[in-house]
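Below is one structure, written out as structure tokens; comments come after it.
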Amino acid sequence: MDDPRPLLEIREVSKHFGGVYALNEATLAVHYGEIHALIGPNGAGKTTLIHTLSGTLRPDRGRVYFSGSEVTKLAMHERVALGLARSYQITNIFPRLTVLDNVALGVQARTRDWGSSFRFWRPFSADRGIVEEARALLERVALGALAARCAGNLAHGEQRALEVALALATRPRLLLLDEPMAGTGPEESERMVELIAQLAREVTILLVEHDMDAVFRLADRISVLVGGSVVATGLPEAIRADPAVCRAYLGDSTETPP
Amino acid sequence: MPQLILEQALNGLQFGLMLFLLAAGLTLVFGIMDMINLAHGSLYMVGAYLAAAATQAGGSFVLGVGAAMLGTAMLGLLLEMTLLRRLYARDHLSQVLATFALILIANEAVRIVWGAQPVMLNAPDELSGPFEAGGFSYPAYRLLIIAVGALVAGSLYMLVAKTRLGMWVRAGASNREMTEALGVNVRRLFTAVFAVGAALCALAGALLGPLLAVQVGMGESILILAFVVIVIGGIGSIRGALVGSLLVGLVDTLGRAALPALLRGFLSPEAAGSLGPALASILIYLLMAAILFFRPEGLFPARA
Amino acid sequence: MALYVSSPRRQVLALASLAGLVALPWLAQLLEQTFYVSLASRVLIFALAATSLNLVVGFGGMISFGHAAFFGAGAYCVVVLAQNGVFSAWLAWPAAVAMGVLLALLIGAISLRTRGVYFIMITLAFAQMAFYLVVSLKSWGGDDGLSLAQRSTLGWLDLKDDAVFYYVVLALLAFVLFAFDRFAHARFGRVIQGIRENETRMEALGYPVFAYKLVCFALGGGLAGLAGALIANQAGMAGPNLLYWTQSGTLLVMVVLGGVGSLYGGFVGAALLLLAEEVLVGLTPHWQIGLGLVLLVVVLWAPRGVAGLFARKRDDG
């Protein structure tokens, strides 16, 4: 790596609800250009970690750094402006808008390219580039033909792709994918794996995923979260062989690393 | 001076307890069904009118109050089963408008039946005098209201906090889907809660009838106070409703009594005379805004 | 609801209505029914108020139950200024707008921290606060309100003439609706509609949602302030009933009757409600019961209002 500092760094982050620690001094570093997968059994604190990264939750202790500067206390929209975007585990799109309007809203959000949206008079259509870029994005996720459709009427797999397109529209430097395969069939999963592999050429990805097959196919490095702490980080082969990881997954029969 | 303060404190307590009778039903309806019911104040009005009519017909205040509670509970039951049910799944805007329409209808219906003039509801003669003890005197009827209010509020609180039925109600208010999954028939439970809430409205209306005028529109002003109460307390929380009611009752009553005098301390009598009442009348709204600013979900949020 | 797009059919309808409204004073003169000009001014002013609320509720998705506060603030602003010798519309009306904006910024900054039911209730509480404040201020006339000695002056236009006043109101309303159309198609309008559709997602796309909502809320407040300035001129007074919570309710009713989130919804709703009132009052003293029933029917069976009845079903395939 030419830049020795990681793109995203989480240092000893803790968060508790009531007396229960959802995160307990979790530490994680995501480097430029990699697909970094985060796995862990149910209740390990993955969701809480995502919330602390995206800015919906403030950690009780610890810090979050993004490309060298601290973002622990920034609001979600401020983090997005820095280049940290997320997709949602449960599809979170604008179901009543057209597919194109969905993505165009995402593109328009980039103030560094389009300026602020506090424009009350000039028609949106005057900024031709926004719609053009939105169309290009839809082509990339193979939704180009569906641009005029109402997003709520898309098939599940298509909505998952739109979800990713929305995150991409903000031109992130780090893309936080929260279980992109959730609820998809084998065929759709396959397409999603291809899409992620293709995206990884341009953007760093932190992938939180239950589908171990996809994780081991895609990830450059894997971190394992157990009981609110990261117990292991390493190359896929090393993680597969790590006794601590096997122990963590014992008793959770639904998710055994292959 | 101590006489005055004690008197005002008792007035505040009395007002707070009556507010609780309204707020209890409202907060549970809100909490369980996520439903805004503006017509709650109309039930209070109808209760007061029914009490006045029944008292006049039967010659007994106690009987009148009982009949009003029963009648209003039936009305509430009818309303819930025919109309409000259709609104649970709708957005808040529809609920606001539909129940706003109910207020218009209720007000006109009362005008048609009882006329536009306020009707009389007299407290029993035995209670018309003052109660005196050790140089302190306070209207006996108001003392009775406090006693009844405290009794009902206490038993309601115990019912919700300690019994199995109450546990269902609380569970329903904090997470309806989960409660349904546990096999509780939330619909039926809710119909019952609504009827009880209506009866409590009638009780408050009947008890306050002799003190305030029984007239069209009496429900609206107190409805908004009840909303303030449950928003302060946290929607769906019976404990919040109790704390909120007493807080609003005391702050409002004591503020009105003390603020003008207090302001005279550091303002000209003229300025204090005009600012005092103005400030006193918005005190509880300031209180609510302040509480929501620091705790956007009220003092005791019911939903985790 | 999809993002707002103006249709040519609606524009033709709007222009036709505008032509009719321009001809109205002349017609009234012809039929010697000049009373209707005054009524029409009132309808247009309420149309403006309801439109300002539709901006907040229908486009911004913020169910404000305290809009009457801004309406009333504008009215009192004009009357109080007049009492201090300021009659010029060039000063008083912008002051009323500024009053609405400032009040909305203040109320919005606190209320918009809350969600859902809490937002509805806190806006209601703030409006009640304004109501009680006005009622208890003796110098503002208390329960009786204040009367306006004369209508505002506007250059060479004689606003005392009901027809001239009507045309001024009509011009303002037409301009506001035109601006509203631009607004809905501009970037801000799209963002605010996106927030209505999915607030969390907008936040995750990087929009400072709170700021957009606050600005939209303040715009609505400012327009309501303008409507208030006009209603004070039309009625010749400002009374506390303008700020009472039932007034907020009435404005909401107008918006829903006409169509939430439809550009002309506020206008259609205000016209329907006020004209129905005019007719019903003549029939029975208990006309409100009829109004209540109609409202119930609309909410239960035509939740998208009149606009919904006319909208063609869109097929998304």
How many residues of the stretch C:77-100 are in contact (Cβ under 8 Å) with a residue 60 or more places away in the chain and either within 14 Å of another protein chain (Cβ to nearest Cβ) or on the phi > 0 side of the Ramachandran plot (or both)? The answer is 0
Is it the case that the stretch C:260-268 has a residue that's within 13 Å of another protein chain (Cβ to nearest Cβ), in a helix (DSSP H, G or I) and under 30 Å from C:Ala82 (Cβ atoms)?
no
Q) Of the residues that make up the stretch B:25-46, is at least one modelled with pLDDT of 95 or more and more than 30 Å from C:Leu252 (Cα to Cα)? A) no
Counting only residues in the stretch B:255-304 that are at the interface with another protein chain (Cβ under 8 Å from one of its Cβ atoms) and of a type in the set (Phe, Trp, Tyr), the one farthest from C:Ala69 (Cα to Cα) is identified as B:Phe293
Looking at the structure I just gave you, is A:Ala44 part of a strand (DSSP E or B) and either away from every other protein chain (no Cβ under 14 Å) or at pLDDT 90 or above (or both)?
no
C:Leu257 meets each of (1) among the hydrophobic types (A, V, I, L, M, F, W, C); (2) free of Cβ contacts under 8 Å to residues at least 60 places away in the same chain; (3) away from chain A (no Cβ under 11 Å); (4) more than 23 Å from C:Ala307 (Cβ to Cβ) with one exception, condition (4)
Output for Cβ contacts, cut-off 7 Å, separation at least six or different chains, first residue under 9 Å from B:Val228 (Cα atoms) in the stretch B:281-294, second buried (at least 19 other Cβ atoms within 10 Å of the Cβ) and among the charged types (D, E, K, R), reads B:Ile284/B:Asp252
Requiring at least 1 residues that are facing chain C (nearest Cβ under 8 Å) and small (Gly, Ala, Ser), the helices (runs of 4 or more DSSP H) wholly within the stretch A:87-167 are A:99-108
Checked the stretch C:101-118 for anything buried (at least 23 other Cβ atoms within 10 Å of the Cβ), at the interface with another protein chain (Cβ under 10 Å from one of its Cβ atoms) and not polar (S, T, N, Q); matches are C:Ile107
Just one listed residue, out of B:Ala195, B:Ala173, B:Ala226, is within 14 Å of chain C (Cβ to nearest Cβ), in contact with a Leu (Cβ under 7 Å, 6 or more places away or on another chain) and at pLDDT 85 or above, and it is B:Ala226
Of the residues in the stretch B:248-303, those that are among the aromatic types (Phe, Trp, Tyr) and modelled with pLDDT under 85 number 2
The stretch C:152-214: helices (runs of 4 or more DSSP H) wholly inside it with 1 or more residues that are under 30 Å from A:Gly83 (Cβ atoms) and among the acidic types (Asp, Glu) are C:187-197, C:199-204
Would you confirm whether or not the stretch C:218-239 contains a residue that is more than 19 Å from A:Phe94 (Cα to Cα) and within 11 Å of chain A (Cβ to nearest Cβ)? yes
Counting only residues in the stretch B:105-134 that are assigned to a helix (DSSP H, G or I) and more than 30 Å from C:Val255 (Cβ to Cβ), the one nearest to the other protein chains (Cβ to nearest Cβ) is identified as B:Val113
Restricted to the stretch C:81-100 and to residues being part of a helix (DSSP H, G or I) and over 17 Å from the mean Cα position of the chain (by Cα), the residue surrounded by the most Cβ atoms within 10 Å (Cβ to Cβ) is C:Ala92
Would you confirm, using the coordinates I've provided, whether A:Thr56 is without any contact (Cβ under 8 Å) to a residue 40 or more places away in the chain, assigned by TED's automatic domain parsing to the domain that holds A:Met212 and polar (S, T, N, Q)?
yes
Of B:Gly64, B:Gly135, B:Gly115, B:Gly129, the only residue that is of a type in the set (Gly, Ala, Ser) and under 22 Å from the mean Cα position of the chain (by Cα) is B:Gly64
Being modelled with pLDDT under 90 and among the β-branched types (Val, Ile, Thr) narrows B:Val152, B:Val184 down to just B:Val184
When (1) in contact with a Ser or Thr (Cβ under 6 Å, 6 or more places away or on another chain); (2) surrounded by 24 or more Cβ atoms within 10 Å (Cβ to Cβ); (3) away from chain B (no Cβ under 14 Å) are applied to C:Gly66, the one that fails is (3)
Of the residues in the stretch B:232-262, those that are surrounded by 24 or more Cβ atoms within 10 Å (Cβ to Cβ) and either more than 13 Å from the chain's Cα centre (by Cα) or among the charged types (D, E, K, R) (or both) come to B:Ile232, B:Gly233, B:Gly234, B:Ile235, B:Gly236, B:Ser237, B:Gly240
Output for Cβ contacts, cut-off 9 Å, separation at least six or different chains, first residue within 7 Å of chain C (Cβ to nearest Cβ) in the stretch B:84-104, second charged (D, E, K, R) and not in a helix (DSSP H, G or I), reads B:His92/B:Asp34; B:Ala98/B:Arg90
Margin query: Quick check on B:Glu180: is it closer than 23 Å to B:Glu80 by Cα and free of Cβ contacts under 8 Å to residues at least 60 places away in the same chain?
Written below: yes
- Determine whether A:Arg119 is at pLDDT below 95 and more than 23 Å from C:Val5 (Cα to Cα). no
When (1) modelled with pLDDT under 95; (2) buried (at least 20 other Cβ atoms within 10 Å of the Cβ); (3) farther than 18 Å from C:Ala75 by Cβ are applied to C:Ile195, the one that fails is (1)
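The values are calculated or read from the model by the stated rules, or taken from the named source; none is laboratory data. Please read all numbers here as calculations on a predicted model, not as lab measurements. Backbone-built Cβ (ideal geometry, glycine too); neighbour counts: all protein chains shown.
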